[in-house]
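What follows is a set of notes on a single structure, which appears directly below.
The values are calculated or read from the model by the stated rules, or taken from the named source; none is laboratory data. Keep in mind it's a predicted model, so treat the numbers as computed, not measured. We place every Cβ from the backbone using ideal geometry, glycine too, and count neighbours over all the protein chains shown.
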Amino acid sequence: MRRPLSLDVAGLGMLGLRQRMSDFIETLLQRMSPAEKIGQLNHPAIGADTTGAGAATADVETRIRRGEVGGISAGLELERLHALQRIAVQESPHGIPLLFTLDVIHGHRTVFPLPLGLACAWDPALVRRTARVAATEAAAAGVALAWAPMLDIARDARWGRAAESPGEDPLISAVFARATVEGFQGSDLAQPDAVMACAKHFAGYGFAESGRDYNLADISPFRMHNVVLPPFKAAVDAGVGTVMVGFHDLAGIPCHGHRELLQGVLREIWGFDGLIVADYTGIAELVNHGVAADAREAALLAFIAGVDIDLISEIYWGHLPALLAAGRIAQGDIDAACRRVLRAKERLGLFAQPFRGLDTRQRDAATLTPAHRQLAREAAAKACVLLKNSGVLPLAREGGAIALIGPLADSRANMQGTWAVSARPEDSVTVLEGMTATAGSRRRILHAKGANIVDDPNLAARLNLFGETFAIDGRSPEVMIAEAVGLAERAEVVVACVGEAKEHSGESSTRSDLGLPGSQRRLLEALHRTGKPLVIVSMSGRPLALEWEDGHADAILHAWFGGSEAGNGIADVLFGAVNPSGKLTMTFPRRAGQCPIHYAEAPTGRPIDKIGVDVPGDREIDRDGRRAFRKFTTACRLEGPHTPLYPFGHGLGYSAFDYGALALEKTIMRGEGDALTASVTVRNTGAVPGEEIVQLYVGDPVASRSRPLRELKAFRKIALAPGEERTVAFRITVADLQFFRAERLAAPERVCEPGLFRIEIGGSSERLASASIEWQADR
Ligand code: BGC
């Protein structure tokens with residue numbers, strides 16, 4: 001046993017602490033052999049990892065003892081983690097502690113709504129609070145580094161990983177990024193309730209062609225800088241400790257070998273000095289991508305591109321020593337990567353407290369507390385988006401029977417949603433339980449399953465891959481539907497909980513059909529035929545195509561997957577204890593064939609409105625300088641309108657909000673430092689208090705590049721009592737008018753071009769008051 005280099009933190013004193021800490025790292029580096037340094041870059045699988053196909057490393061204890069391992073997955077019993085950490089600290093050459101990592105995507109043991117759902121609350125403080133709780137629980141379970149937030153812009157509902165993302169918009173995602181990083185990392189990573197965050201997947205993974213996971217994403221530098229990169233930049237500005245590289249090929253260069261992206265943009269332009277981490281076996285996959293002949297070349301490509309940590313592949317460990325000996329890579333670069341790993345461990349306080357978070361009693365005390373559950377309930381309700389309501393909601397707490405029908409009405413395990421790796425099914429509250437608890441004896445709840453989530457046993461097996469979340473009921477669809485209809489006929493109102501299984505979304509879960517799976521639509525049709533008011537509670541990890549449902553149901557509440565307290569949160573909304581205030585952060589198409597679809601589309605040469613394609617008119621010029629168009633009589637998309645079913649920013653509540661005219665402080669801005677205020681008065685015309693999300697969009701009708709019709713620039717969530725009105729003012733600065741021109745990825749140029757801009761304010765991306773302003777370059 002070699003004695004570890006000891007770090008006496010208590011004796012360091014505040015003055016010069018940073019300097020002494022880095023002296024400590026430098027001294028340590030000088031003592032380490034090249035192989036030990038490469039060992040710090042190695043993060044193998046040890047059998048607890050639940051994603052990907054990496055083979056578990058045999059005899060990890062010996063490997064840790066030899067200094068061949070820098071980090072491992074924390075998804076193990078604490079006793080085992082403690083034993084491994086003890087070996088690292090007491091028996092490895094320099095006593096360097098292991099970095100324990102895990103996916104903490106939307107909570108740890110207390111599960112919050114899917115990120116896509118949580119983002120729909122448009123509430124950064126809520127995101128920060130949930131991240132804080134997730135960090136507290138995860139840190140108490142030994143996790144030092146959490147693989148989140150996922151910041152991929154998602155504009156294609158077929159892509160299963162949309163569930164993990166904040167949605168389609170760069171600003172919403174940037175706000176989410178900042179709040180999550182702050183919530184995870186706190187003010188000091190060495191605190192026992194902090195975990196290091198990881199912005200992933202860098203960058204553009206959500207633009208996979210046809211939404212097929214891992215596919216090529218052919219994104220221009222222009223779109224990268226204006227759409228894809230802003231949330232990552234926000235995470236870097238918020239001090240995120242690590243960035244994880246995307247699995248995909250970005251316009252011909254897989255990200256794990258993309259030097260311009262990793263070194264050029266992330267390190268040089270943004271000045272990121274944290275860790276760049278491979279995704280699971282992502283370095284080895286460079287061979288499959290066809291850019292490396294073998295593992296050795298893959299290791300070389302990734303290392304030169306700037307990837308510090310090899311997650312699972314183990315090919316850094318296998319090949320960097322020989323590449324170093326052959327002079328293909330420099331010792332200085334190995335040192336730099338190793339230094340970043342050691343610094344991360346130092347920031348986390350691991351040298352001083354290597355056993356942080358490895359105490360079962362402390363873990364149990366910090367887990368699933370009543371306060372955590374209460375926050376989960378609040379979040380589950382706030383994530384709900386009321387897509388349609390003809391007035392049937394909220395349900396009265398007293399009255400005739402409610403028929404609660406559907407495969408998700410009493411489905412505990414599915415409430416957690418995808419990527420809840422530490423969740424336990426028994427911890428979740430179902431909708432049946434939530435509604436029964438709220439209604440008490442005042443309303444009878446009649447329950448029938450009505451349909452399976454899917455009818456195909458092979459698909460069911462695939463959806464149950466990470467543990468069974470549902471079993472197929474052996475009865476025929478007809479029998480199940482008949483039973484449900486029988487209950488509906490005895491009830492006053494029908495609540496149908498329908499949607500996907502939790503693993504319909506998540507990694508490698510692409511859909512080509514966005515309708516309700518299996519015989520669920522047939523169930524709804526039968527329920528509709530009873531003539532009873534029909535409330536749909538839909539759940540999924542992506543936008544669904546609900547055109548029929550929109551046309552036939554009396555109300556649709558989209559609840560995503562709400563987590564541990566899903567059932568209570570949904571019941572709170574259905575019975576009106578919570579007035580729903582969520583708004584979509586990802587567009588709901590009418591049909592899957594419309595994907596990708598999003599609100600910030602470019603205008604096209606033949607702008608399309610709600611009924612068809614327009615063709616150029618004679619010589620008319622509209623007030624924004626654009627040629628006017630006259631309607632072409634045939635719709636361009638032959639099966640229906642181009643417009644989404646529910647646009648970005650849409651969401652109803654039990655109040656109603658009236659927007660007054662948009663008022664501008666002035667209409668001309670001059671020079672870089674100028675600003676103006678745009679405001680609107682919003683009034684609650686409903687009978688109950690409610691929250692409204694007021695949205696500000698900016699459009700740039702004439703520029704050197706074709707710019708989106710509108711881009712979200714700010715939002716404000718306000719609470720108004722019935723009859724109350726408030727003026728909401730937004731300060732518009734030149735930054736809101738700017739965009740990036742970029743011919744190359746590593747050469748972005750942020751510009752503001754003189755001319756007219758359209759300012760729009762409203763309660764959805766399609767319900768906006770508008771006015772024009774002009775920006776002039778010279779004061
Ligand atoms: C996913 C990452 C995740 C990693 C570790 C990969 O398959 O793409 O998002 O963090 O596994 O579990």
Every pair of residues 6+ apart whose Cβ atoms lie under 8 Å, when the first sits in region 116-139 and is among the polar types (S, T, N, Q) while the second is in a loop (DSSP other than H, G, I, E, B): THR130/HIS106; THR130/PHE112; THR136/ASP193
If you take the residues of region 11-54 that are acidic (Asp, Glu) and modelled with pLDDT of 95 or more, which of them is farthest from the ligand (Cβ to nearest atom)? GLU26
For ALA545, are the conditions met, namely being touching a residue at least 12 places away in the same chain (Cβ under 8 Å) and farther than 20 Å from GLY117 by Cα? no
Give just the number: which of (1) more than 14 Å from the ligand (Cβ to nearest atom); (2) over 25 Å from LEU348 (Cβ atoms) does ALA208 not satisfy? (1)
Filtering region 264-287 down to residues that are in contact with a strand residue (DSSP E or B) (Cβ under 9 Å, 6 or more places away or on another chain) and farther than 21 Å from THR57 by Cβ yields VAL265, LEU266, ARG267, ILE269, PHE272, GLY274, ILE276
Which residue is nearest to TRP317 (Cα to Cα), if the candidates are limited to region 55-89 and must be within 16 Å of the ligand (Cβ to nearest atom) and modelled with pLDDT under 85? THR57
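Each row is one residue, and each column tells you yes or no for (1) of a type in the set (Asp, Glu); (2) in contact with an Asp or Glu (Cβ under 7 Å, 6 or more places away or on another chain); (3) on the phi > 0 side of the Ramachandran plot.
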site	(1), (2), (3)
GLU691	yes, no, no
ASP700	yes, no, no
LYS717	no, yes, no
LEU720	no, yes, no
ARG779	no, no, no
Considering each of LEU320, LEU342, LEU275 in turn, give the residue that is modelled with pLDDT of 95 or more and in contact with a Cys (Cβ under 9 Å, 6 or more places away or on another chain). LEU275
Check off (1) within 16 Å of the ligand (Cβ to nearest atom); (2) at pLDDT 95 or above for PHE466 and give me the number that stays unchecked. (2)
Just to be sure before I move on: is GLN362 over 26 Å from the mean Cα position of the chain (by Cα), surrounded by fewer than 20 Cβ atoms within 10 Å (Cβ to Cβ) and either at negative phi or within 16 Å of the ligand (Cβ to nearest atom) (or both) in the structure I sent? yes
Regarding ASP456, is this residue acidic (Asp, Glu), closer than 21 Å to LYS502 by Cα, at pLDDT 95 or above and surrounded by 15 or more Cβ atoms within 10 Å (Cβ to Cβ)? no
Number of the condition not met by THR180 [criteria: (1) touching a Lys or Arg at 6+ places or on another chain (Cβ under 8 Å); (2) more than 21 Å from PRO113 (Cα to Cα); (3) not basic (Lys, Arg)]: (2)
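For every residue, the table says whether it meets (1) surrounded by 24 or more Cβ atoms within 10 Å (Cβ to Cβ); (2) within 16 Å of the ligand (Cβ to nearest atom).
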{"position": "GLY160", "(1), (2)": "yes, yes"}
{"position": "ALA163", "(1), (2)": "yes, yes"}
{"position": "PRO166", "(1), (2)": "yes, yes"}
{"position": "GLY183", "(1), (2)": "yes, no"}
{"position": "GLY186", "(1), (2)": "no, no"}
{"position": "ALA190", "(1), (2)": "no, no"}
{"position": "HIS201", "(1), (2)": "yes, yes"}
Of all residues in region 217-244 being touching a Leu at 6+ places or on another chain (Cβ under 7 Å) and within 16 Å of the ligand (Cβ to nearest atom), the one that is farthest from ARG161 (Cα to Cα): GLY241
Any residue in region 100-117 that is among the small types (Gly, Ala, Ser) and in a loop (DSSP other than H, G, I, E, B)? no
From the list ALA177, ALA194, ALA162, which one is in contact (Cβ under 8 Å) with a residue 12 or more places away in the chain and outside any helix (DSSP H, G or I)? ALA194
Anything in region 396-449 that is of a type in the set (Gly, Ala, Ser), part of a helix (DSSP H, G or I) and more than 14 Å from GLU565 (Cβ to Cβ)? List them, or say none. ALA413, ALA439
Checked region 119-159 for anything part of a helix (DSSP H, G or I), in contact with an Asp or Glu (Cβ under 7 Å, 6 or more places away or on another chain) and not polar (S, T, N, Q); matches are ARG128, ALA135, ALA139
Qualifying residue in region 328-336 (condition: away from the ligand (no atom under 16 Å from the Cβ), at pLDDT 95 or above and in contact with a Gly (Cβ under 8 Å, 6 or more places away or on another chain)): no
Give the residues of region 260-305 that are more than 15 Å from VAL243 (Cα to Cα), of a type in the set (Gly, Ala, Ser) and within 16 Å of the ligand (Cβ to nearest atom), sorted by residue number. ALA284
Looking only at region 744-779, which residues are in contact with a helix residue (DSSP H, G or I) (Cβ under 8 Å, 6 or more places away or on another chain) and either of a type in the set (Gly, Ala, Ser) or modelled with pLDDT under 95 (or both)? ALA746, ALA747
I'd like the residue in region 680-705 that is surrounded by fewer than 17 Cβ atoms within 10 Å (Cβ to Cβ) and touching a residue at least 60 places away in the same chain (Cβ under 8 Å) and, out of all such residues, is nearest to MET224 (Cα to Cα). ARG705
Of the listed residues (PRO708, PRO722), the one being surrounded by 15 or more Cβ atoms within 10 Å (Cβ to Cβ) and not in a strand (DSSP E or B) is PRO708
Please give the strands (runs of 3 or more DSSP E) falling wholly within region 539-647 in which 1 or more residues are modelled with pLDDT of 95 or more, crowded, with 16+ Cβ neighbours inside 10 Å and not acidic (Asp, Glu). 555-558
